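The values are calculated or read from the model by the stated rules, or taken from the named source; none is laboratory data. Not measured: the values here are computed from a predicted model. Counting neighbours? That spans all protein chains shown, and the Cβs are built from the backbone with ideal geometry, glycine included. Heavy atoms of the whole protein, side chains included, go into the accessibility calculation; ligands, DNA and RNA do not. Shrake-Rupley method; radii C 1.70, N 1.55, O 1.52, S 1.80 Å.
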Amino acid sequence: MEVKFDRLNDVNGRISVAIVEADYADKVKKQLKDIAKNHAEPGFRPGHTPAGLIQKKYGTAVKYDIVNKVVSDALFDYVKENKLPVLGNPVPERNDNFDINNTEFTFVFNVGLAPDFDTHVDKDLHVPYYTIEVTEEMIDNQSNGLRRRMGEQVKGDEVEPDALVKGEIVELDAEGKPLENGIRQTNGILAPKYFKSEEQRKLFEGKKVGDTIVFNPAETCESNPTELSSMLNIDKNDVDNHKGDFSMEIKEIIVLRPAELNQEYFDQVFGKDQVHNEEEYRAALKEMIANQLRADSNYRFTIDAKEAIMKAVGSIDLPDEILKDYLKMQNEALTDETVDKEYEEARPQLEWQIIRDRIAEKLQIKLEEEDIRNVARLMARNQFAQYGMTSAPEDAVERLAGEILKDKKSHDRLVDQAFDMKLYEGIHGAVTLDDKTVSVEEFNALFTAPEEN
């Protein structure tokens, strides 16, 4: 067997694999023997079929498969052992004179090679890094949200903006009197905060226990059948017959009282004995918000870093024709006419993929299983935080992270996320950061496309 590589130019090469009968004959014989031993032919017991019959019936197909495997293994072993930077897969040259009955074969493959270039990921490369300023207003809003989330519902004296109102709901006739045989909901519950009509919502503002309000349920939800049937406790198919006015005599008002700023609350939010007074509480909230915003800053950094690196690298040569052939092999629906458009759309991402891999090699980025688990832990903590559990127990975080990792799709997605996080971490430490502190409004404006003149 002889494997030979010829570099045609910076991004194109050719690999030829020449084999003789000795390279595959024993494997063919073994495969045919296995077939004779295990496969029953009509009129013969397994293991008793004449070798000549097995050769005649299966010889050509087995030889074809074995030759293909021998060549394929030799090709990819050569690429691996010689560390050739092959893009996509080698594309075999067409051979119209191929004859399986020959004993010697030469196969030729065109290969695309990754270009050689400087990534420019060093201290000479400047990348902006935006830190979002944490304001007192942000701290107040965060505090209000947490206190409400951890507050308690109590009986109130009057209807507040987020109150639940309980009472008897009665359908009225055209004269405003209880409709005979109409709907009467003894234990009705309403949440005016979620009314879609501001006019209907205002009817309940400031009302007290014992007051009676005349309102229109259909207008509170824009006649949504699901909401209306739930509110009036009727079948959805019947809601169109009950779109008039109703009265509600308020029996009870439930309001939310935010949690008090005390040690019990501090421990709930930040863990036991981490915060002891209001000054420490606001400082901890500021750090909490800063950590939350840091994720946004890091995301922006990935955009700016990628843009700066690609600009510094400039245009890179690619083995376009080979990659187009590879695309057609991957997608049979592509034709010579349509592959050009598909390739042009895919080329920028392919360029970045090559640059990304070169950066990872330069910075010696290696992904460990613990890196993937750390991303799963981060995802688990974020899920707990959505439910107000900002200091979830570590054992609970570990359990949820384990469940996330069990799902194959989630695991594959986490691998990509973990690699990108580690890559940009490396870039962050390798380049020069131009630190800029900005307001939320200024930061958001970075994602707004500039207006065309």
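Taking segment 406-453 as the range and being open to solvent by less than 100 Å² (accessible area, probe 1.4 Å), without any contact (Cβ under 8 Å) to a residue 12 or more places away in the chain and within 17 Å of GLU368 (Cβ to Cβ) as the test, the residues that pass are ASP412, ASP416.
With respect to the conditions (1) free of Cβ contacts under 8 Å to residues at least 24 places away in the same chain; (2) touching a Ser or Thr at 6+ places or on another chain (Cβ under 9 Å), ASN262 lacks only one, and its number is (2).
Take segment 290-306 and flag every residue that is within 23 Å of the chain's Cα centre (by Cα), within 15 Å of THR135 (Cα to Cα) and open to solvent by less than 70 Å² (accessible area, probe 1.4 Å).
Within segment 290-306, LEU293 is the sole residue that qualifies.
None of LYS83, LYS63 is exposed (fewer than 11 other Cβ atoms within 10 Å of the Cβ) and among the basic types (Lys, Arg) except LYS83. Taking the criterion of being open to solvent by 90 Å² or more (accessible area, probe 1.4 Å) and part of a loop (DSSP other than H, G, I, E, B), the residues of segment 217-234 that qualify are GLU222, ASN233.
Taking segment 307-405 and the helices (runs of 4 or more DSSP H) fully enclosed by it, the elements with 2 or more residues that are modelled with pLDDT under 85 and open to solvent by 30 Å² or more (accessible area, probe 1.4 Å) are at 320-330, 369-386. Restricting attention to segment 86-131, the residues being open to solvent by 90 Å² or more (accessible area, probe 1.4 Å) and part of a loop (DSSP other than H, G, I, E, B) number 8. Considering segment 37-56, the residues that are in a helix (DSSP H, G or I), free of Cβ contacts under 8 Å to residues at least 12 places away in the same chain and open to solvent by 80 Å² or more (accessible area, probe 1.4 Å) include one that is farthest from ALA25 (Cα to Cα), namely ASN38. Of VAL134, VAL165, all but one fail to be assigned to a loop (DSSP other than H, G, I, E, B), surrounded by 13 or more Cβ atoms within 10 Å (Cβ to Cβ) and either of a type in the set (D, E, K, R) or within 47 Å of the chain's Cα centre (by Cα) (or both); the exception is VAL134.
Considered as a group, the residues in segment 183-207 that are of a type in the set (Ser, Thr, Tyr) and in contact with a helix residue (DSSP H, G or I) (Cβ under 9 Å, 6 or more places away or on another chain) include one that is most open to solvent (accessible area, probe 1.4 Å), and that residue is TYR194.
Here is the figure for segment 300-320: residues that are acidic (Asp, Glu) and without any contact (Cβ under 8 Å) to a residue 60 or more places away in the chain total 2. For segment 272-289, filtering for residues that are assigned to a loop (DSSP other than H, G, I, E, B) and surrounded by 13 or more Cβ atoms within 10 Å (Cβ to Cβ) leaves 2. Of the numbered criteria (1) open to solvent by less than 60 Å² (accessible area, probe 1.4 Å); (2) outside any loop (DSSP other than H, G, I, E, B), the one GLU264 fails is (1).
It is to be established whether one or more residues within segment 208-216 are open to solvent by 70 Å² or more (accessible area, probe 1.4 Å), out of contact with any Lys or Arg (no Cβ under 6 Å at 6 or more places or on another chain) and hydrophobic (A, V, I, L, M, F, W, C). Yes, the conditions are met somewhere in segment 208-216.
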